[in-house]
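To keep things clear, I will list the structure first and then write my remarks on it.
The values are calculated or read from the model by the stated rules, or taken from the named source; none is laboratory data. All of these numbers come straight from a predicted model, not from anything done at the bench. As a convention, Cβ positions derive from the backbone with ideal geometry for all residues, glycine included, and neighbour counts pool all protein chains shown. The accessibility values were calculated without ligands, DNA or RNA, using every heavy atom of the protein model including side chains. Shrake-Rupley method; radii C 1.70, N 1.55, O 1.52, S 1.80 Å.
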Amino acid sequence: MFKWLDPYAKPETLYRLCGLWFPWLMTAAFISLLIGMVWGLAFTPADYQQGDSYRIIHIHVPAAIWSMGAYSSMAIAALIALVWQVKAAQWAIGAIAPIGAVFTVIALFTGAAWGKPMWGTWWVWDARLTSELILLFLYLGVIALSGAFADRQTGAKASALLALVGVVNLPIIHFSVEWWNTLHQGATITKFAKPSIDASMLWPLLISILAFGLWLAALTCLRLKTAILQNEQHRPWVRQLVSSSLKSSVIKEG
Amino acid sequence: MVMFKAAFVREWRLLARQKADWLNPLMFFLIVLTLFPLGIGAKPNLLAEIAPGIIWIAALLSVLLGAERLFKDDFRQGVLEQLVAADEPMLFYVLAKIISSWCSTALPLLLISPLIALLLGLDATAWLAVLLTLLLGTPLLNLLAALGAALTLSADKGGILLALLILPLYIPLLIFASAAVDNASLGLDYSGQLAVLSAMLCLALALVPLAVLKALKLNVG
């Protein structure tokens with residue numbers, strides 16, 4: 001399988017592939033986001049208990065799911081980067097981390113905005129909220145570390161190592177926080193136990209989750225393309241690419 | 001074994017000559033502990049209630065403070081480069097470094113813990129719990145701090161970055177350690193928390209030195 005996969009890790013091929021996938025992914029993400037949001041925010045019935053304010057679930061849940069999904073894919077990229085020394089995988093870490101961090105912020109923000117009318121407070125020291133916050137700190141650590149070195153290569157490798165350490169720690173953090181929460185307070189969440197969701201609300205939610213995943217993939221392709229160009233700027237194929245695109249823009253303007 | 005002994009003796013000689021390396025974190029620990037009663041108020045009940053959290057946060061910060069210099073001098077003076085270039089297993093160096101850093105920054109905290117218990121009004125059972133959690137938890141603090149120090153070795157702004165990277169990883173430790181002391185001061189059983197702390201320590205002992213090694217090699221280039 002690796003023999004088959006290996007050529008795709010070549011920066012030039014990967015750049016082409018990302019360029020090929022990006023428009024499709026972005027279009028699909030945009031369409032499904034539109035469907036999911038309009039259906040979820042305007043056409044689903046209101047919740048019998050939470051009224052209209054539950055509709056934020058269509059943003060909150062996809063962002064929360066993909067904030068963790070982005071971290072997992074980052075950790076997989078980190079493993080590939082460290083074990084097989086694939087450079088493109090190192091760049092992928094730097095490409096995914098800020099997107100994942102923004103998803104985490106979206107999940108936290110929408111969660112707080114949802115918590116205010118439902119729980120009467122912006123923030124509860126609940127297990128899920130706390131581990132999401134810690135996830136944000138882990139993302140920020142990876143981003144800060146990758147930018148802290150004069151040598152870009154060292155930064156990429158160090159952040160790969162940190163992402164792996166983080167992924168080993170993530171379950172430990174998750175369970176310890178859950179355990180800590182159930183020791184001190186348990187009632188906060190059980191009072192607002194989720195009613196098993198109705199199909200009319202589930203479908204737009206699933207579409208939104210799909211949309212956020214596609215969006216993540218599309219943005220990763222875009223950022224990875226930029227990262228490849230930045231890191232390979234001394235290579236002939238990049239120079240050729242730049243000079244040919246310059247030429248064509250000159251022709252258009254002329 | 002010869003390698004380990006040589007590295008270990010070297011570490012102790014360095015520590016004996018640079019007393020600030022282990023005295024400063026200790027003083028920092030004491031000063032931070034003094035600040036809490038001044039800031040929060042010196043009611044004995046309140047102090048005894050928040051003491052476990054305070055002690056652990058102070059310990060965590062003082063270990064972090066000492067960690068920044070862990071590999072810095074060896075990096076600047078080229079010792080690390082020689083070690084990487086030499087065809088000897090570097091793991092002994094890493095282990096000697098971590099063990100001696102535990103002895104120099106965390107062991108003093110254990111030794112002065114009766115004094116801390118007096119200052120914060122903890123009774124004997126709570127003090128014993130503090131001692132046991134520190135005994136099991138501080139090696140973990142040193143291991144992770146060494147990892148942070150190794151990762152940020154050649155970074156431009158190492159110090160604050162080190163804290164940013166490592167503090168989130170300390171959270172499980174903080175939770176279980178202060179829960180153990182809480183249980184102890186309520187007269188409950190806390191062997192479960194100690195077991196979890198030992199499990200985390202075993203996991204870290206097995207994995208972290210390898211990660212430190214990788215990070216050091218990465219920074220030396």
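Data for the structure
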read-out	value
Of B:L174, A:L17, A:I209, farthest towards positive along the dipole that unit charges on Lys, Arg, Asp, Glu beta carbons give the protein assembly as shown	A:L17
Whether chain A is rounded, prolate or oblate, judged on the alpha carbon gyration tensor where a/c under 1.5 counts as rounded	oblate
Loop-located chymotrypsin sites (Phe, Trp or Tyr not before Pro) in the range A:31-136, at most 15 other Cβ atoms within 10 Å (DSSP)	A:Y48, A:W84, A:W122, A:W123, A:W125
Other protein chain Cβ atoms within 10 Å, averaged over every residue that makes up A:162-170	5
Pairwise centroid distance, computed over Cα atoms, of the range A:64-120 with the range B:24-44, Å	37 Å
Carbon plus sulfur fraction of accessible area for the range B:2-220, probe 1.4 Å, in percent	71 percent
Point-charge dipole on Cβ atoms (K/R +1, D/E -1) for the protein assembly as shown, about Cα centre, debye to 20	1240 debye
Distance (nanometres) between label positions extended 7 Å along Cα→Cβ at B:L115 and A:R239	6.6 nm
log10 of Debye I(q)/I(0), alpha-carbon scatterers only, for the protein assembly as shown at 0.12, 0.13 Å⁻¹	-1.15, -1.25
Calculated FRET value between B:L210 and B:E88, using beta carbons and R₀ = 22 Å, to 0.05	0.85
Per-q log10 I(q)/I(0), the range B:2-220, q = 0.09, 0.14, 0.17 Å⁻¹ (Debye; single scatterer per alpha-carbon; no solvent)	-0.37, -0.84, -1.17
Listed residues B:L107, B:L164, B:L70, most fluctuating in chain B (Gaussian network, C-alpha, under 10 Å)	B:L164
Shielding score for B:193-200, defined as the mean number of other chain Cβ atoms within 10 Å	1
Interface A:B - total buried accessible surface [probe 1.4 Å, Å², rounded to 100]	2200 Å²
Extension gain, B:D156 back to B:S198 (0.36 nm per residue minus Cα-Cα distance, nm)	11.6 nm
J(HN,Hα) series, the range A:204-212, from Karplus relation 6.51 cos²θ - 1.76 cosθ + 1.60, nearest Hz, glycine and proline x	x, 5, 4, 5, 5, 4, 4, 4, 5
In the range B:1-40, the trypsin sites (Lys or Arg not before Pro) that fall in loop regions by DSSP, at most 12 other Cβ within 10 Å	B:K19
Contact order normalised by residue count of chain A, Cα under 8 Å, 6+ apart, percent	35 percent
